[in-house]
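As structure tokens, the structure follows; a few thoughts come after it.
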Protein chains: 2
Amino acid sequence: MDATLRQLAAYAAVARAASFTAAAAQMHVSQSSLSRAVADLERLLGAQLLERDTRNVQLTAAGVEALRIAEQIVNAHQAGMKELRRFLLGESGTVAVATLPSVAAVLLPRVISQFRTQRPQVAVRILDGLERSVLDRVLTGDADFAITTVGRPSDQLEQRPLVHDRFVAVLPPHHPLTEHAEVSWEDLAREPFLAVGRDSSVRRLTDAAFAQVDAHAEPAAEAGSIATVGGLVAAGLGVSALPALVLPLTGTAQVTCRPLVGPVIDRRLDIALRARRTVPRAAHHLLETLDALRVQGHELPDGVAWSE
Amino acid sequence: MDATLRQLAAYAAVARAASFTAAAAQMHVSQSSLSRAVADLERLLGAQLLERDTRNVQLTAAGVEALRIAEQIVNAHQAGMKELRRFLLGESGTVAVATLPSVAAVLLPRVISQFRTQRPQVAVRILDGLERSVLDRVLTGDADFAITTVGRPSDQLEQRPLVHDRFVAVLPPHHPLTEHAEVSWEDLAREPFLAVGRDSSVRRLTDAAFAQVDAHAEPAAEAGSIATVGGLVAAGLGVSALPALVLPLTGTAQVTCRPLVGPVIDRRLDIALRARRTVPRAAHHLLETLDALRVQGHELPDGVAWSE
DNA sequence: TCAACTCATGCGATCTCCGCATCAATTGCG
DNA sequence: CGCAATTGATGCGGAGATCGCATGAGTTGA
């Protein structure tokens, strides 16, 4: 019913070369093969495309139209295959990374800028959200992988440690505790505590830390965003504890930080992948870029360190 | 190296249906055939496109991209074949008709308007020129056929009589000859004669007619276009003889016409085709329309008659 | 626990397509 | 004027692709 790609390509080559023999040489096939292919195509279409005598080959009106269309089809095929191959090699397409807002704002930019210099044709999409939705994005396949705090181990996910992110005490500029070189969780427990929202992974960890030193965990106030917490601290309403990585998000608020010990709380940020899945090539390349930075020991903010 | 159309179509069907069995039913092939086709495609690309467990088939990231591209390629192929078939059936494309300006202006419009109501998708190109160039257009293939005066018989051309076009005397409004019901070439020879240009087919015939009655053939003046000759006659500079078909081209000039006898000169307008060539379908349809008008005896101007 | 349904695969038959050799026709050179 | 060279078409045999049938392996749901 429909013409074969081979027939169309053969016809196009013959029509362009105006010669079966020359086209056969270009295509590295026998002349007889092309002769048959074109004859078959003509029979299929029920129309003569080429006017041949033993010396010249020339196109009929139908042949001109057929050449135009055959080239169109063959080009669409070749271009499509090329595009697909580029995609499979990870040289085009999109990588979607799901991650926490802090990682998105602080850690990712330097990774992406490095990645883009190597693969400018690959777009990067950042899907930022809270811990729960981040993992959902990976499980549903919306994201190629996630960078997030580790939840409970799941056989749906494969997790690779990426960085450790230490909690620091966040204090108003002239607060008495700023006199100490280090601050303990017990010290903080004696002050009004400003917490982040209940959905945040940070909140889960601060609650756990206070529980560990048998201190009350009731916050004096809580806010959804890090920036708000920073503002509250700067205004002297109380103190807080935040992972070092998110400190840039406190923005322009004037706060003072001190190492936080007894115990030292290290939040682990992992790369989370769907288990038993091959990672798309482009995403794999982004992971490689990330790993290269880790191996090279690329500089990180105080309190943040590469894993392993 | 490249994927087969069949593989791409098979993959697209399976990916769209998210089921090998369902896709096989739609395509009226066995399930095993599709299973192999997709597996072959995946092996060729070196990437997994579908994630199958025994219950569900779902697309990988590569699969999503492959589906988009496969559909693109398959659609391009199908659309192209459809377009080509339409062309070959004469339902699209262009018909090029080479013809004399008089035919182009007077005879063709009614033919084309009839033709376009039946095949609105087919464009008509009119290549008007003098007798010589008209035939060249056909011989080079620029035009599908010509409507023109018959030159010397050539084995390159096939000619079919179309209409007979009788010469009439063209006189100033109050010229003495307008008193006669008929005018003869000898009558005209006694008046100053206004001729068309030497390249025109009309000129060849008027010269021949005067020679036939042993009259001088030296024109008082000559002009390239019919409209100019009409103007000269209207201004009383002399008389002329023109085929009935071209009279509309004298435009608004006030002239009087009389039948021209002794001898009656009938210019034959033929359809000229390249010999031993199949006419493109769309052109064939236009010829059929023309023939239908002839058979129906479609009305023509006085002095013009269908052949046969 | 088992029937039912999924996709994968071994196998044999068929079909397509390729290349080699050759033919018929025309051209161009001697 | 005639022969060598070149062109596209075609008969033929073989290699490879592809198909459907039957069946296998694995999972689901009653």
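The values are calculated or read from the model by the stated rules, or taken from the named source; none is laboratory data. Computed from a predicted model, the values in this text were never measured in an experiment. For neighbour counting, all protein chains shown are included, and Cβ atoms are generated from backbone atoms with ideal geometry for every residue, glycine included.
Laid out as a table, the results:
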| item | result |
| --- | --- |
| Filter result for A:VAL64 (in the same structural domain as A:THR21 (by TED's automatic domain parsing) and within 15 Å of DNA strand C (Cβ to nearest atom)) | no |
| Any hit, region B:279-289, residues being in the same structural domain as B:PRO172 (by TED's automatic domain parsing), touching a residue at least 24 places away in the same chain (Cβ under 8 Å) and small (Gly, Ala, Ser) | no |
| Total residues in region A:42-86, condition under 16 Å from B:GLN72 (Cβ atoms), hydrophobic (A, V, I, L, M, F, W, C) and within 16 Å of DNA strand D (Cβ to nearest atom) | 1 |
| Identity of the residue in region A:1-56, within 12 Å of DNA strand C (Cβ to nearest atom), among the polar types (S, T, N, Q) and in a helix (DSSP H, G or I), that ends up nearest to the other protein chains (Cβ to nearest Cβ) | A:GLN7 |
| Filter result (under 16 Å from B:LEU249 (Cβ atoms) and touching a Pro at 6+ places or on another chain (Cβ under 6 Å)) within region B:169-222 | B:ALA195 |
| Total residues in region B:32-47, condition free of Cβ contacts under 8 Å to residues at least 40 places away in the same chain and surrounded by fewer than 16 Cβ atoms within 10 Å (Cβ to Cβ) | 6 |
| Strands (runs of 3 or more DSSP E) contained in region A:141-240 and holding at least 1 residues over 26 Å from the mean Cα position of the chain (by Cα) and surrounded by fewer than 17 Cβ atoms within 10 Å (Cβ to Cβ) | A:221-223 |
| Answer from A:ARG16, A:ARG110 - the residue that is in contact (Cβ under 8 Å) with a residue 40 or more places away in the chain, within 30 Å of A:ASP165 (Cβ to Cβ) and basic (Lys, Arg) | A:ARG110 |
| Inter-residue pairs, beta-carbon under 8 Å, first among the acidic types (Asp, Glu) and in region B:254-277, second surrounded by fewer than 18 Cβ atoms within 10 Å (Cβ to Cβ) and in a strand (DSSP E or B), 6+ apart | B:ASP270/B:GLN159; B:ASP270/B:ARG160; B:ASP270/B:PRO161 |
| Residues that are surrounded by fewer than 18 Cβ atoms within 10 Å (Cβ to Cβ) and assigned to a loop (DSSP other than H, G, I, E, B), drawn from region A:277-306 | A:ARG277, A:THR278, A:GLN296, A:GLY297, A:HIS298, A:GLU299, A:PRO301, A:ASP302 |
